[in-house]
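Only one structure is covered here, and it is reproduced in the block below.
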Amino acid sequence: ADFVKITTPNGHTYEQPTGLFINNEFLKSHKGETITVEDPSTEQKIAEVQSGAKEDVEYAVECAEKAFNSSWSTGDPRVRARSLLKLADLVEERKELIASIESMDNGKALALARGDVGIVINFLRSAAGYADKLDGRSINTGDGYVNYTIREPVGVCGQIIPWNFPLMMLSWKIAPALAAGNTVILKPASPTPLNALYFASLCKEAGIPAGVVNIIPGPGRGVGETLTTHPKIRKIAFTGSTGTGKGIAVKAAQSNLKKVTLELGGKSAHLVFNDANIEKTLPNLVNGIFLNAGQICSSGSRIYVQEGIYDKLLPAFKKYVEEKITVGSPFDENNFQGAINNKAQFETIMNYVGIAKSEGAKVLTGGEKVNDKGYFIKPTIFYDVEEDMRIVKEEVFGPVVTISKFKEIEDGVAMANDSEFGLGAGIQTENVSTALKVSKMLKAGIVWVNTYNDFDTSVPFGGYKQSGYGREMGIEAFEAYTSVKAVRIKL
Ligand code: NAD
């Protein structure tokens, strides 16, 4: 299929692939359907890409299975490592272009997009290092047997990702899967397929064999569901909303009991204790909720402030946000916050702002949209909230945060843990024992102390409770793309 010439708003001209990437070729969809991709900061159309049909997924599974049964999974693992390292080099060479594509497609501030691409490069390199470490254990049962385990790749993996970190999520899925020797079929979210397809062209350039990486944009209920229910797919890795994730777990079980890992929604608590250093805390609160315009699953969207610091923190937070958190074009380097990714999400967020106001939450700052064109929302802080309000309970996935007050450490922890979700949690304190004690008490998959939304590719990330199961990054992600085989030999 075709490539189109695109010039990003900051002047990078490149060839954007628009076809489905299957078996190292860009193809037209069987049904001839397309997705219109728009720039959320201007509401202008950027491109039209192919939208996959069931037949396209079938063909991709065939190719991915063939590739899995080749030396890719059974041969020298250092070949896979070298491919991932080459891929990392290619991404690094084109870092500025790739970050610009990300900002154009997603709406995020360019500086943040550059950070995302940096994580992608690091992670590809980190995953490459795992490829030759598919180690097992030798187990002494003391009875005339030799027992050992080996780790093997799972097979063809289906991967489904959301639109908030289109390239970073893709790397979190693809890199460990490839390092372990699997082959993949990934579906990007419909609003953000551009970097996924561009990355596909880099996979080919890096010499990754045909069929190992396949990228098929298309509808969740079409491509996504075919991946979930396909009898030859052995694992599904999903990042997205909790509702969709539950449906996937059920269908994956019913079809062929494929392995499932789920990275789902959150309503993460960020606790500020009396002894927190306000100056250091403010940027952490901001990164917690206004980074990526709040469209981060681990956003610290419930702030809990201990009563001794509450009256000082609120005005300081308001002033800091109003002065520093500028909203507007992702390509204006002065802006911290870009656009909301798509119209539906923009409307969801504005709807929640309305709900919060009607529930009686007070606005400390924000609560409005910005500009007539593009999906921009002011950083919004609600205070004087009740814990049973919808604005405190439900995930908004936007630049909207609530602030509540607590008295004793235990009260703050109880409020933080009173949620169906358990993805991230934050602690701001100068006291080491408070940090350690509270980290232990919080029911969350990742606890940040004196920082927030701060990712490292060696540190695992994932949820407790209805935020899902399975971990991204770190050795845990790699292991989740393997099966353990035990061998027991009678001597
Ligand atoms: P979503 O669940 O609507 O969509 C996610 C992906 O699933 C998309 O690619 C979509 O096309 C696909 N999909 C939709 N219905 C499907 C179905 N029936 N079968 C298979 N696939 C289907 O979520 P979204 O609106 O794109 O993303 C926002 C959500 O993702 C938020 O709830 C957020 O918290 C969550 N999220 C979680 C993490 C994490 O790591 N835990 C990271 C990012 C986003």
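The values are calculated or read from the model by the stated rules, or taken from the named source; none is laboratory data. All of these numbers come straight from a predicted model, not from anything done at the bench. Positions of Cβ are backbone-derived with ideal geometry, glycine not excepted, and every protein chain shown enters the neighbour counts. When the accessible area is computed, the model is the full protein with side chains, heavy atoms only, and any ligands, DNA or RNA have been set aside. Shrake-Rupley method; radii C 1.70, N 1.55, O 1.52, S 1.80 Å.
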Which angle between 0 and 90 degrees, to the nearest 10, do you get for helix 194-205 versus the longest principal axis of the chain when only C-alpha atoms count?
30 degrees
Could you list, bin by bin from short to long, the percent of Cα-Cα pairs of region 343-491 in 10 Å steps?
9, 29, 31, 19, 6, 3, 2, 0
For the pairs 259/378; 31/251; 258/490; 369/393, note any where the Cα-Cα span goes beyond 30 Å.
259/378; 258/490
Residue span residue 322 to residue 358: 0.36 nm per residue of separation minus Cα-Cα distance leaves a gain in nm of 10.6 nm
Taking all protein chains in place and a 1.4 Å probe, what share, in percent, of the accessible surface of region 161-274 do carbon and sulfur account for?
58 percent
Pair-distance profile P(r), taking every C-alpha pair of region 6-70, with 5 angstrom steps and integer %:
4, 16, 19, 19, 14, 12, 9, 5, 2, 0
Please report, in whole Å, how far the alpha carbons of region 32-138 spread along each principal axis, starting with the longest.
58, 38, 24
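At a 1.4 Å probe, what is the % contribution of carbon and sulfur to the accessible area of region 346-480?
Here it works out to 49 percent.
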Subtracting the Cα-Cα distance from 0.36 nm times the residue separation, let me have the gained length for residue 451 to residue 76 in nm, one decimal.
131.0 nm
With every protein chain kept in place and a 1.4 Å probe, the residues 472, 62, 387 fall, from largest accessible area down, as 62, 387, 472
Averaged across orientations, what area in nm² does the convex hull of the alpha carbons in the chain project?
23.9 nm²
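Only four residue types carry charge here, +1 at the Cβ of Lys and Arg and -1 at the Cβ of Asp and Glu. Report the dipole size of region 233-272 about the Cα centre in Debye, rounded to the nearest 20.
Values: 7 positive and 1 negative charges, 42 e Å.
Dipole magnitude for region 233-272 comes out near 200 debye.
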Which value, in debye to the nearest 20, describes the size of the charge dipole of region 125-167 about its Cα centre when Lys and Arg Cβ atoms bear +1, Asp and Glu Cβ atoms bear -1, and nothing else is charged?
180 debye
Could you tell me which chymotrypsin sites (Phe, Trp or Tyr not before Pro) in region 80-175 are loop residues by DSSP with no more than 15 other beta carbons within 10 angstrom of their beta carbon?
none
Taking the Cα centre of the chain as the origin, how large is its charge dipole in debye, to the nearest 20, when only Lys and Arg (+1) and Asp and Glu (-1) carry charge on their Cβ atoms?
1300 debye
Compute the helix-to-body angle for 95-106: its Cα long axis versus the longest principal axis of the chain, expressed 0 to 90° and rounded to tens.
70 degrees
Might you tell me the accessible area per residue for the chain, computed with a 1.4 Å probe and given in Å²?
39 Å²
Under 20 Å Cα to Cα from residue 343, which aspartates and glutamates show up? Leave out anything in the same chain fewer than 8 places away.
38, 39, 43, 48, 102, 105, 368, 372, 394, 395
Out of the DSSP beta bridges found with both residues in region 324-403, what percent are antiparallel (nearest 5)?
50 percent
Calculate the spin-label point distance for residue 408 paired with residue 458, positioning each point 7 Å from the Cα along the beta-carbon direction, and give it in nanometres.
4.0 nm
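Can you tell me the length gained on complete extension of the stretch residue 257 to residue 476, counting 0.36 nm per residue apart and subtracting the Cα distance?
Working: separation 219, 0.36 × 219 = 78.84 nm, distance 2.09 nm.
Length gained, residue 257 through residue 476: 76.7 nm.
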When 1/r is averaged over all different Cα pairs and the result inverted, which Kirkwood radius in Å belongs to region 153-269?
14.2 Å
I'd like the distance separating the alpha-carbon centroids of region 309-361 and region 166-237, in whole Å.
33 Å
Averaging 1/r across every pair of distinct alpha carbons in region 130-170 and inverting yields a Kirkwood hydrodynamic radius, in angstrom, of 14.1 Å
Return the FRET efficiency for the residue pair residue 440, residue 89: r is the Cβ-Cβ distance, R0 is 25 Å, and the value is rounded to the nearest 0.05.
0.05
Can you divide the C-alpha Rg of region 262-356 by 2.2 N^0.38 Å and report the result to two decimal places?
1.17
Can you tell me the orientation of helix 54-68 relative to the chain, as the angle in degrees between its alpha-carbon axis and the longest Cα principal axis, to the nearest 10?
60 degrees
First compute the accessible area of region 1-102 with a 1.4 Å probe, then give the percent of it belonging to carbon and sulfur atoms.
46 percent
Which whole-number percentage describes the relative contact order of the chain, with Cα contacts under 8 Å and a sequence gap of 6 or more?
18 percent
Set Lys and Arg Cβ to +1 and Asp and Glu Cβ to -1, take the dipole of region 1-82 about its Cα centre, and tell me which of 19, 61, 7 lies farthest positive.
61
List residues of region 364-405, by number, whose backbone nitrogen lies under 13 Å from a label position 7 Å along Cα→C-beta of residue 351.
395-397
Equivalent ellipsoid semi-axes for region 75-149, as square roots of 5 times the alpha carbon gyration tensor eigenvalues: give them largest first, rounded to whole Å.
41, 14, 7
At 25 °C and 0.890 mPa s, grab the translational diffusion coefficient of region 371-454 from Stokes-Einstein with a Kirkwood Rh over Cα pairs, rounded to a whole number in µm² per second.
169 µm²/s
